[in-house]
Amino acid sequence: MAAKRVVAVFGSTGAQGGSVAAALLANGGYTVRAITRDTTKPAALKLKEAGAEVVCADLDNETNVESALTGADSAFVVTNFWEHFNKDKEIEQGKRIADVTKRLGLKHVVYSGLENVKKLTGGKLEVLHFDGKGEVEEYFRAIGVPMTSVRLPSYFENLLTFFRPTKASDGETYNLAIPMGDILLDGMSVSDLGPVVVSVLKCPAKYIGKDIGLSTDKLLVAQYADIMSKATGKTIKDAKISLDAYRSLGFPGAQELGNMFEFYQMKPVRNVDLTLELNPKAKKFQEWMQQNKDAYKDL
Ligand SMILES: NC(=O)c1ccc[n+]([C@@H]2O[C@H](COP(=O)([O-])OP(=O)(O)OC[C@H]3O[C@@H](n4cnc5c(N)ncnc54)[C@H](OP(=O)(O)O)[C@@H]3O)[C@@H](O)[C@H]2O)c1
């Protein structure tokens with residue numbers, strides 16, 4: 001029997017990598033090398049129980065990255081801007097992985113990238129957590145690593161956390177404060193990423209060199225609010241917040257997220273048909289909301 005392909009999964013204890021590791025394990029055709037800085041945390045222990053090889057590595061340490069990738073055939077790579085809010089650090093981590101994958105000759109890397117907005121807008125708009133990933137995408141390609149970039153839209157799960165509706169001043173209804181004006185916002189459940197990545201890894205010739213913009217739904221903020229209202233029985237409305245008002249909200253990352261929404265208003269390519277071809281079971285927002293409505297009981 002042929003040995004199973006070893007796929008190294010960065011961020012395996014998190015949302016994106018966790019979904020990818022689960023989908024690879026469910027597929028059965030791969031040896032999953034789940035990478036974390038802490039092999040004793042509950043998510044790491046669960047991965048081990050599910051059959052993954054759990055490996056300790058810090059993206060800031062090249063020797064760690066090299067040993068985590070030695071013997072791997074392919075890798076899924078995600079870096080976490082929100083842990084440090086530092087574009088240069090995210091670029092350093094991404095380029096470090098790119099260099100090691102090149103040196104070790106990995107056959108296929110699926111990188112969780114995003115657009116280099118600064119470059120695309122001629123410096124008019126900067127979105128640090130996009131721009132860094134965009135530079136890393138360019139670097140992978142420049143040094144000749146066989147790479148596919150998957151560009152995620154805003155996760156539906158953000159509506160449970162950062163973009164959770166808040167009580168309006170009338171004390172009864174709720175505001176959904178997402179500054180998209182009258183432009184459609186792409187979204188998907190991050191839990192549906194895994195099967196997308198498995199499909200991409202199965203067809204390297206088709207997807208190497210491609211940037212795949214993911215989305216399962218394109219909706220107005222008012223439509224998100226309407227679907228949320230119907231599922232929760234609460235009245236949730238588009239707050240119609242402007243970009244500048246959002247940027248001034250004052251929480252850490254408000255400016256950065258405001259800039260991101262300004263870029264989303266430029267309608268970056270996110271391909272619903274291709275996403276559903278890569279993962280036919282990926283959820284539309286309505287289905288996701290039905291499955292998650294209980295999380296809004298205490299709204
Ligand atoms: N939220 C969205 O809508 C959205 C949309 C598109 C893109 N993104 C991007 O997604 C990224 C975050 O991914 P996520 O949502 O999967 O994050 P997450 O759930 O917070 O997980 C982060 C993962 O990164 C790992 N990690 C962080 N720093 C590391 C380091 N120095 N060495 C090794 N592993 C490290 C963590 O592993 P351990 O802690 O176990 O070591 C953890 O598994 C961000 O960069 C963001 O820009 C988010």
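Overview of values
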read-out: Relative contact order [Cα under 8 Å, 6+ residues apart], region 1-116, whole percent; value: 26
read-out: Length added when fully stretched, Ile183-Ala205, from 0.36 nm per residue minus Cα-Cα; value: 4.5 nm
read-out: Placed amide H near Ala8: partners under 5 Å, 5+ positions off or other chain; value: Arg33, Asp73, Ser74, Ala75, Phe76
read-out: Amide hydrogen neighbours beyond the local backbone of Ile236, cut-off 5 Å, H modeled; value: Tyr174, Ser229
read-out: On Cα atoms only, tilt of 193-202 relative to the major axis of the chain in degrees; value: 40
read-out: Relative contact order, percent, region 121-238 [alpha-carbon distance under 8 Å, six or more residues apart]; value: 32
read-out: Backbone HN-Hα couplings from phi across region 24-29 [Karplus 6.51/-1.76/1.60, Hz, Gly and Pro as x]; value: 5, 5, 5, 5, x, x
read-out: Among the listed pairs Lys118/Lys267; Lys102/Lys267; Lys133/Lys283; Lys4/Lys41; Lys87/Lys281, those beyond 23 Å (Cα-Cα); value: Lys102/Lys267; Lys133/Lys283; Lys4/Lys41; Lys87/Lys281
read-out: Long-range Cα-Cα pairs in region 51-145 (distance over 15 Å), rounded percent; value: 60
read-out: Amide H partners (placed H, <5 Å) of Val54, local residues excluded; value: Ala34
read-out: Pairwise FRET efficiency - Lys107 versus Gln265, Cβ, R0 = 35 Å, nearest 0.05; value: 0.40
read-out: Heavy-atom surface of the chain, accessible at 1.4 Å and reported per residue (Å²); value: 45
read-out: Largest-first principal axis extents of the Cα set of region 248-290 (Å); value: 39, 26, 13
read-out: Alpha carbon Rg of the chain, scaled by the compact-globule rule 2.2 N^0.38 Å; value: 1.01
read-out: Length released on extending from Lys95 to Ala26, taking residue separation times 0.36 nm less the Cα-Cα span; value: 21.8 nm
read-out: Inter-label distance, nm, simple model (7 Å from Cα along the C-beta direction), Lys119/Asp273; value: 2.8
read-out: Projected label distance in nm at Arg5 and Ser242, using a 7 Å step from Cα toward the beta-carbon; value: 5.0
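The values are calculated or read from the model by the stated rules, or taken from the named source; none is laboratory data. Note that the structure is a prediction, hence the values are computed from the model and not measured. In this analysis, Cβ positions are derived from the backbone assuming ideal geometry, glycine residues included, and neighbour counts consider all displayed protein chains. Note: accessible area is taken over every heavy atom of the protein model, side chains too, but ligands, DNA and RNA are not part of it. Shrake-Rupley method; radii C 1.70, N 1.55, O 1.52, S 1.80 Å.
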